Amino acid sequence: MNMRNQWPVLPIVAGLASGLLTGCGSESGDSGGTGSSVVMGMSDDVLATDPASGYDPGSWLLFDNVFQSLLSFPKGATEPQPELAKECSFTDSRATVYRCVLKDGLKFSNGDSLTSKDVKFSFDRMLKINDPAGPAIMFPMLGGIDIPDAKTVVFHLKSSDATFPSKIASGAGSVVDHRQYDANGLRTDDKAVGSGPYELDSFDKDQAVFSVNGNYKGTAKIKNSGVTLKFFHGDRTALKKSLLDGDIDLAYRGLSASDIAGLDQQDGSKGVDVIEGTSAEVQHLVFNMKDPVAGKLGVRKAMAYLIDRDALIKNVYQGTATPLYSIIPAGIVGHNTAFFDTYGARPSQAKAAAALRADGITGKVKLTLWSTPSRYGPATDEELKAIAGQLNASGLFDADVKSTAFDQYEKDIAAGKYGVYVKGWVPDYPDADNFTAPFFGQGNVLDNNYRNRAITGTLIPATAAQSDRSATDKDFARLQGIVAAELPVLPVWQAKQYAVVRDGVYGLEYCLDASTVFRFWELSKS
């Protein structure tokens with residue numbers, strides 16, 4: 001997330017998006033929670049409590065639990081189902097008019113009624129504010145919204161977009177109370193008023209406290225009496241100690257690969273268990289196509305032939321990720337193995353040398369790999385150093401690694417100062433469109449000067465207009481074949497997702513799936 005013009009905090013471990021959990025998630029909601037409250041620790045920060053601004057995993061975790069969208073993703077599912085709405089559908093064959101009818105008797109946590117006016121206000125407000133750190137960039141296709149009555153919302157799209165239901169089912173579709181939010185500006189009081197399963201009681205730099213929303217009307221069955229979310233601001237040691245000392249009930253996002261592996265090997269002897277879920281989070285190396293070195297196809301191909309993903313997974317990530325040979329990760333319709341088919345899995349010095357010679361390069365390639373120390377996981381610097389070592393061991397490269405703080409990193413990328421740099425991606429919604437359009441479509445968020453007319457002019461529009469998502473396979477395969485040949489990016493790994501829980505804490509398996517929705521309501525403690 002901050003999945004468009006700013007990239008997400010990618011944890012060191014997130015989930016392999018295969019073998020999704022089952023569960024329809026269609027049961028009626030419970031307004032009253034039962035059981036004990038749960039204390040959760042996280043190394044990520046929550047950057048915003050206002051859904052017109054936050055576009056990072058921590059903020060969306062808050063949005064998914066405090067706000068509702070018209071649709072939501074049931075546990076283990078990748079197709080959205082009605083949440084605030086009782087029904088939604090496209091009303092035309094071109095997928096440009098989308099109509100939703102709200103459920104009866106909806107209320108916000110403060111008791112205010114929730115109507116179509118609030119839905120229109122929320123989207124209009126988000127687009128008008130257009131916060132650079134917000135999700136407005138997800139909706140360039142949204143032309144206007146009509147509300148013919150208090151329960152009906154009609155979205156008019158400028159272009160066909162069959163993924164629009166998934167987009168509004170994400171945190172970007174959070175509905176706010178029009179009486180409580182300024183149409184022209186963001187909230188600055190760290191408060192939130194939504195209609196989700198929980199209400200935000202308090203929020204500061206150390207923790208956020210959530211209680212059950214008695215006015216909630218939705219699909220969630222709430223299994224606890226509240227959640228306290230403690231922030232560790234990237235301090236992995238403190239997060240692990242707090243878990244082992246019993247100060248928190250579970251740790252999510254931020255434990256290192258070695259911590260995960262070590263705790264998993266303890267087999268519960270320390271009173272904790274490692275829970276593995278599913279996800280579609282990925283990491284790529286990105287190439288600046290105008291860079292005098294990385295801009296040469298021979299250099300990029302040589303790197304693709306030399307990087308040993310299996311060694312990275314074993315030595316840096318200790319098995320807590322899986323090699324990625326596709327732009328679209330495993331578990332998402334459209335996934336293939338284009339990079340495996342083109343460059344293989346085993347490093348080849350001979351093929352790398354041939355690629356360089358074909359581009360007229362005879363001497364060692366001097367190259368800097370740029371990293372940022374924690375934004376995409378605490379082992380990012382170590383990973384890039386290992387990649388540099390692999391390149392140099394071939395005798396074809398003289399590569400080094402430089403790392404800089406994230407704010408400067410983003411500025412330098414935008415200014416075109418880096419030839420090769422790392423990016424992570426947490427999907428907004430579990431569809432192949434979210435792994436392709438942002439990278440290779442109009443307004444490419446990678447800032448790597450890559451354009452391909454077949455992708456932007458034909459393939460992305462064609463896949464966006466296809467309501468049968470399984471029918472997009474051929475177009476997405478062609479797109480990935482083009483990317484594998486031209487190499488504007490090189491996929492490295494798909495992470496696995498973990499949480500570590502103390503004995504007596506349950507429900508985590510329903511919080512860790514490819515939708516990236518962490519469902520507080522599934523947590524319980526005996």
TODO: Examine region 502-525 for a residue that is within 30 Å of PHE287 (Cβ to Cβ) and either in contact with a strand residue (DSSP E or B) (Cβ under 8 Å, 6 or more places away or on another chain) or acidic (Asp, Glu) (or both), and state whether such a residue exists.
DONE: no
Task: Pairs where the first residue, in region 359-382, is in contact (Cβ under 8 Å) with a residue 60 or more places away in the chain and part of a loop (DSSP other than H, G, I, E, B) and the second is buried (at least 20 other Cβ atoms within 10 Å of the Cβ) and among the hydroxyl-bearing types (Ser, Thr, Tyr), C-beta under 7 Å, 6+ apart - done: PRO378/SER256; ALA379/SER256; ALA379/TYR317
Open item on the list: When the residues of region 129-151 are narrowed to those that are crowded, with 16+ Cβ neighbours inside 10 Å and not in a loop (DSSP other than H, G, I, E, B), which ends up farthest from the chain's Cα centre (by Cα)?
Closed with: ILE147
TODO: Give the residue, chosen from ASP124, ASP92, that is part of a helix (DSSP H, G or I), open to solvent by 30 Å² or more (accessible area, probe 1.4 Å) and either more than 26 Å from PRO427 (Cβ to Cβ) or at pLDDT 95 or above (or both).
DONE: ASP124
Task: Which listed residue, of LEU263, LEU244, LEU186, LEU200, is more than 17 Å from SER109 (Cβ to Cβ) and either under 23 Å from the mean Cα position of the chain (by Cα) or at pLDDT 95 or above (or both) - done: LEU186
- [ ] Output the number of residues of region 286-319 satisfying the condition of being in a loop (DSSP other than H, G, I, E, B) and hydroxyl-bearing (Ser, Thr, Tyr).
- [x] 1
Open item on the list: Residues to consider are ALA471, ALA462, ALA485, ALA499; find the one that is open to solvent by 10 Å² or more (accessible area, probe 1.4 Å), more than 30 Å from MET303 (Cα to Cα), outside any loop (DSSP other than H, G, I, E, B) and touching a residue at least 12 places away in the same chain (Cβ under 8 Å).
Closed with: ALA462
TODO: Run TYR305 past the list (1) touching a residue at least 60 places away in the same chain (Cβ under 8 Å); (2) in contact with a helix residue (DSSP H, G or I) (Cβ under 9 Å, 6 or more places away or on another chain); (3) under 14 Å from ILE387 (Cβ atoms) and report the number of the one that doesn't hold.
DONE: (1)
TODO: Only residues that are surrounded by fewer than 21 Cβ atoms within 10 Å (Cβ to Cβ) and either touching a Lys or Arg at 6+ places or on another chain (Cβ under 8 Å) or closer than 23 Å to THR516 by Cα (or both): list them for region 285-295, please.
DONE: VAL293
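The values are calculated or read from the model by the stated rules, or taken from the named source; none is laboratory data. It should be emphasised that the depicted structure is a prediction, and the values quoted were computed from it without experimental measurement. All Cβ positions, glycine included, derive from the backbone under ideal geometry; neighbour counts span all protein chains shown. Calculation scope for accessible area: heavy atoms of the full protein, side chains included, ligands and nucleic acids excluded. Shrake-Rupley method; radii C 1.70, N 1.55, O 1.52, S 1.80 Å.
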